[in-house]
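What follows draws every value from the coordinates through simple rules; no lab data is involved. The structure presented is a predicted model; accordingly, all values stated were derived computationally and were not measured. Here the Cβ positions follow ideal geometry from the backbone for every residue, glycine too, while neighbour counts run over all protein chains shown.
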Amino acid sequence: MVHRYCGGSWISKRYVLTTAHCLRQKDIAFVQLRKKDCDESGACTLAKEDIPIERTIGHDSYNKPVQSHDIALVRLTRDASFNSDVRPICLPMGPEYQTTESKYFDHVTLDTDTIKITKVDMVTADQRQNRLNELVRRKPTIHESQICAFQSGGSDNCENSLGPLTALGRNGRHVQYGIASYGVNNCDLDNSPSVYTRVESFIDWILSNLEE
């Protein structure tokens, strides 16, 4: 069984990057920013900020049956308020952001207030296609604009929701390489992969749809 994930990440004060299928299957009215506010004693509280949506922008070439071009932007009615601990994610604008030793991480929503960060392993095009063919009766085709990965030591899709696929760049900043699109929804299977939209393939599209 193929399971489609919904999630988003802040790429600026006014825009959230998400998938096109999220806009099709959910009636989204606002985006919630969650951040920890800590005082001088070290005590922290989880603050939530709901920001209404001004409009959504899905990719015109989104193909639901094969989940290609599964990318979208959400523009908010006002700027989000960030702090030193909550900032927009960086986008992969060039090869200098990535190293051969880059470790990739997924951000899994366990419940309404908890996020677990897990290391994931990349697989080659042949490996990902062969593994999906073994697990899914209707054989999905993985495109160059997609990334396939699984959680180190097990399945990558047993939690409530997968988040952005990130890595630490050379300059020490976190860079988003993938948006969780879909996976095989079976927690009993080892190396059950998830498929992500490759952000690098859509940089021009993202930049062309951003407004001041």
Spacing of the two label points (7 Å from each Cα toward its C-beta) at R173 and C90, in nm: 0.5
3J(HN,Hα) from dihedral phi, region 47-57, Karplus parametrisation 6.51/-1.76/1.60, rounded to Hz, x for glycine, proline: 9, 10, 10, 8, 10, x, 8, 7, 6, 10, 10
Nonlocal amide H pairs with G178, under 5 Å, H built at 1.01 Å: L165, V199
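Going by how many other beta carbons lie within 10 Å of each one, how would you line up T166, T56, fewest first?
T56, T166
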Neighbour-count ranking [beta-carbon atoms within 10 angstrom, fewest first] of E144, E54, E200: E144, E54, E200
Net charge over other residues, Cβ less than 9 angstrom from the Cβ of E54 (K, R count +1; D, E count -1): +4
